[in-house]
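Enquirer: Take this structure, written in structure tokens, and hold onto it; I'll ask about it next.
Bear in mind these aren't lab numbers, they're just calculated from the coordinates by the rules spelled out. Predicted model, so just to flag it, every value in this text is computed and none were measured. Methodologically, a virtual Cβ is constructed for each residue, glycine included, from the backbone with ideal geometry; neighbour enumeration extends over all protein chains shown.
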Amino acid sequence: MFVLVLTACAQVPGGQVDPSSDSPPPASPHAGAESAAIGLVNIWRVSGAEGETTDTWLRLDVPEFQLWRDCGMIQGSWGASESLFLASTDAASGECVTGATLPRVAWLESVTGYRAQGAGWELNDANGAVVATLTIDGKPDAIPTAAEFYTEPPVITDAMREELRQPAALPEGSSPATPENLVGRWLPVAISGATDPHVLFAADGTWTGSDGCNGGQGRWGADGAGGLLTTSGASTLMACDGAPVPFWVAEARLASVDGGVLRLLDAGGSELGELKHD
């Protein structure tokens, strides 16, 4: 019954469904049920967001978003769980770009969660306040600096459903990581060499880290029940004698803290790495 409810939520509201997908896709090994977050995939008119006009649209594809403003289009990555929502900006076009500086989308970068509101959604900050409302209401006009297909809703595919699928449960006996006990600087438990692989989970919901040579950064959120959600930006790809900590963080969907050891796990519950407080 719980799965059926989530499936219904995923259809209303939502983007176009791939007509070749006549039946639910097979779940990944050990993964959970289909997520209500699939219902976020669409083109939405943005209302109530500070600094935005009435002609602002947010196109949520997987894993990218496009934000349409009068100046052009702003792009980035996003992710969602059953309650968490995070987005990070990484590109822009048209007059939205000033020199080499990317525009800030402060309201979108403050969003940490979402909930259904009528036929649309509310985006909320860490205090639960409504940051913006998303509704189905028209679509943006095509612009010279962006492909025209960006003016249409994404087609929901099996790959998208898998990307947003709920993660597996934490291993039995594990203690869920919480927003409070994740904050701080963490080092790999097993480390050799003179490099400094690490991750710093800041209290403001951002993270920075390194594999010892290449940096990484993004946003993070934890639901207090073991679920972890992160975004990540571009990074260099130098060969390094360290540990792939930024990769662990980017891939993690689950986290536990036991005996001072942070375990990061992927959506299927497989361990990515273990870290200890610096």
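Enquirer: Considering Cα pairs under 8 angstrom that are at least six residues apart, work out the relative contact order of segment 179-277 and quote it in whole percent.
Expert: 25 percent
Enquirer: Ok, one more. Output the direction-averaged projected area (hull surface divided by four) of the convex hull of the alpha-carbon atoms of segment 179-277, in nm².
Expert: Its average projected convex-hull area is 5.8 nm².
Enquirer: Tell me the angle of helix 2-11 to the major Cα principal axis of the chain, expressed in degrees between 0 and 90 and rounded to the nearest ten.
Expert: Once rounded, one gets 40 degrees.
Enquirer: Next question. Defining a contact as two alpha carbons under 8 Å apart and six or more residues distant in sequence, what relative contact order in percent does the chain show?
Expert: Here the relative contact order equals 17 percent.
Enquirer: So what is the diffusion coefficient of segment 98-200 in µm² per second by Stokes-Einstein at 4 °C and 1.567 mPa s, using a Kirkwood Rh over Cα pairs?
Expert: For these conditions, the coefficient is 68 µm²/s.
Enquirer: 222 nm [θ] for the chain, helices only, -39500 (n - 2.57) per DSSP H run of 4+, per residue, to 500?
Expert: The per-residue figure over the chain is -2500 deg cm²/dmol.
Enquirer: May I ask you to evaluate 6.51 cos²θ - 1.76 cosθ + 1.60, the Karplus curve with θ = phi - 60°, for each residue of segment 167-183 and list the ³J(HN,Hα) values in order in whole Hz, giving x for glycine and proline?
Expert: Per-residue couplings from phi come out as x, 5, 6, 4, x, 4, x, 7, 9, x, 5, 10, x, 6, 8, 7, 4 Hz.
Enquirer: Also: What does the charge count near Ala132 come to, summing +1 for each Lys or Arg and -1 for each Asp or Glu among other residues with Cβ under 11 Å from its Cβ?
Expert: -3
Enquirer: If you don't mind, there's one more thing I want to ask. GNM, the chain, Cα, under 10 Å: largest mean-square fluctuation among Leu102, Leu262, Leu182?
Expert: Judging by the Gaussian network model, the answer is Leu102.
Enquirer: To continue, here is another question. Springs between alpha-carbon atoms under 10 Å, Gaussian network over the chain: tell me which of Thr133, Thr231, Thr195 tops the mean-square fluctuations.
Expert: Answer for the Gaussian network model of the chain: Thr195.
Enquirer: On to the next question. Is segment 224-273 best put as rounded, prolate or oblate by its Cα gyration tensor, with a ≥ b ≥ c the root eigenvalues, rounded for a/c under 1.5, and otherwise prolate when a/b is larger than b/c, oblate when not?
Expert: Prolate.
Enquirer: Something else about it: Calculate one ³J(HN,Hα) per residue across segment 69-80 by plugging θ = phi - 60° into the Karplus curve 6.51 cos²θ - 1.76 cosθ + 1.60, and present them in order as whole Hz with x for glycine and proline.
Expert: Going residue by residue, I get 10, 4, 7, x, 10, 10, 10, x, 10, 8, x, 8 Hz, with x marking Gly and Pro.
Enquirer: Right, something else. Please give me the summed charge of the neighbours of Cys71: other residues whose Cβ is under 12 Å from its Cβ, Lys and Arg +1, Asp and Glu -1.
Expert: -3
Enquirer: Oh, and also: In a shell of Cβ-Cβ distance under 12 Å around Val249, excluding Val249 itself, what net charge do Lys and Arg (+1) and Asp and Glu (-1) give?
Expert: Working: positive: Arg219, Arg253; negative: Asp211, Glu251, Asp266.
So the environment of Val249 carries a net charge of -1.
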